[in-house]
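Structure first, then comments.
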Amino acid sequence: MRCSLVDLSDELHLNIIQELLKHDDFLHEESLKPDPKRFNQDWDDDFQYHRDLMSWSSTSLYFRNLLAPYIFKSIKLRNDVKSGASVDAVLKSPHGALVKGIYFLGTIPPDIDDLDDDEDDDPLAEGSYKESDDAEGEERPIIITFPPVVNDLLSDLHQFPNLESLSIGFTYPNDDPFDEYYETEGIMVNENPTAARARKALMTTTYETLLRSKPPQLRAVEIRKFVWTFTEPYESQGFQKFLSHVEHFRLSVRGGNNGACWCVNTCDGYLESVARFDELFFDHLASATSLTLRATDEGPIGLEGMRHARLALTKEQMPLLQSLHLEHIFICQELVDFVLGHTDTLERLTLHDCHSSVNGLQDNDGFYWAHFFETLHGADLKKLSHLEICPDDAPLTFEPDSLQKEPVCPGDVRQIRRVPSDVAKRRVFGYAMLDDKYGECCDDSEENGAAFERGEDQAAFDRLMSNVNANAANRGGKITDWQVAT
């Protein structure tokens, strides 16, 4: 007997909704990752929240009412007339009270490269821009203006009565923001000044509009794919005060390369901006209980030396912090000091695709995983009840050669594979290095193998996990052997 979707129980409807929301979250996370197949456009520009739920809601009035609280929980606002009118219509409908999150996506007008050839000086209707006439014969600044409906929405988010979170991102459909910043050995240049100035104008206008009237006191703020070429909007006292009320702060950093292997960390501007994350963001998060910092494989953060940038975390920051999530960072003394400065509050620590580095560094300032685990084990981390380190192991073999069917497996690695059964569970916590020339992050296969043979990292991790599991038991949590995501 065939059963229609309408005939399913409310419980099954809710289960289906939750699975679709999980898929949305997955797409959201994937949209933060670079896609080598999309050279001229960010995924952000296409990403739509709740696409499946919206299709489902159009099937009947019953499902439209059932799904409305989920569909309108998070909405996207662009700097164009069509998007602004759509969001304004939601605001003025009964669904406006359902909106808890807004993702603002600022986009440079697609014909920005033809600005100098445009005979019409009037602002365009969508994502308007023009060059100022105040400095004839000099580099004229570009002015970006938003359509009135977008301006009215972004400048007064208090209109959304239950708004809790705001994400801010920028996409550049005709230009990779790093193409213009590479020359021999990563020296910063500016081959496309029009697009670069347009980016600055767009970011300035966005934050000036957001902070123009009484800024909203939001629980969560996310800055997506931070573009390090322009930091002035984040330096104002108004923005710093805005951050002081935020409980959950998420910051992802744009990575990339110039198409000729030079990674973003070969640019001095990238390293300098990342090293200023304390004064730009972290120093002002007085109310933050969770912090997420996502770097990329092209520009991991931490340690000192060629192509490295400091983590910019200090023990004085974020005194209420309970959860710390880091991606693509090198474990370092700054991280240890930060964790030890939050022994009374920190409950969750997640390190995703993070590495240790002990080779190729200046002054041999590397940091072994064993030392990291032992230091945390010796500290009185009263509330740490969740420790997650993923992926769950590092490679012990080289990548397959294009002319070979099997991976190249050196003799010492083959010997490692013959470990006794009593150490069969031993993991390798990843070691990596940054290439001095191109900035590429490469697995340190030699150190991975040596660390596996020593077993010190695993032993120190086990001791730390005994503390973590004890804390979890005291808090009524589930005790596990690993608490590691696979």
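Worth pointing out:
- Count - residues of region 61-73 that are open to solvent by 40 Å² or more (accessible area, probe 1.4 Å) and either touching a His at 6+ places or on another chain (Cβ under 6 Å) or not in a helix (DSSP H, G or I) (or both): 2
- Residue check, T229 open to solvent by 10 Å² or more (accessible area, probe 1.4 Å), under 18 Å from the mean Cα position of the chain (by Cα) and modelled with pLDDT under 80: yes
This table checks each residue for (1) open to solvent by 70 Å² or more (accessible area, probe 1.4 Å); (2) modelled with pLDDT of 80 or more.
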site	(1), (2)
F104	no, yes
D118	no, no
S128	no, no
S132	no, no
F160	no, yes
A196	no, no
K200	yes, yes
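- Conditions (1) farther than 21 Å from L154 by Cα; (2) modelled with pLDDT of 90 or more; (3) not charged (D, E, K, R); number of the one not met by S244: (1)
- For L346: the one exception among (1) aliphatic (A, V, I, L, M); (2) farther than 24 Å from S252 by Cα; (3) modelled with pLDDT of 90 or more: (2)
- Residues (closer than 21 Å to I168 by Cα and out of contact with any helix residue (DSSP H, G or I) (no Cβ under 7 Å at 6 or more places or on another chain)) located in region 65-75: S74
Let's see how each residue does on (1) open to solvent by less than 40 Å² (accessible area, probe 1.4 Å); (2) more than 22 Å from C267 (Cα to Cα); (3) out of contact with any Ser or Thr (no Cβ under 9 Å at 6 or more places or on another chain); (4) not basic (K, R):
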| residue | (1), (2), (3), (4) |
| --- | --- |
| D278 | yes, no, no, yes |
| R310 | no, no, yes, no |
| E327 | yes, no, no, yes |
| T345 | yes, yes, no, yes |
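- The residues of region 282-294 that are within 12 Å of the chain's Cα centre (by Cα) and open to solvent by 10 Å² or more (accessible area, probe 1.4 Å), listed by number, are T292, R294.
The values are calculated or read from the model by the stated rules, or taken from the named source; none is laboratory data. Since we're looking at a predicted model, the values are computed, not measured. Reconstructed Cβ throughout: ideal geometry from the backbone, glycine too, with neighbour counts over all protein chains shown. These accessible areas exclude ligands, DNA and RNA; they are computed on the full protein's heavy atoms, side chains included. Shrake-Rupley method; radii C 1.70, N 1.55, O 1.52, S 1.80 Å.
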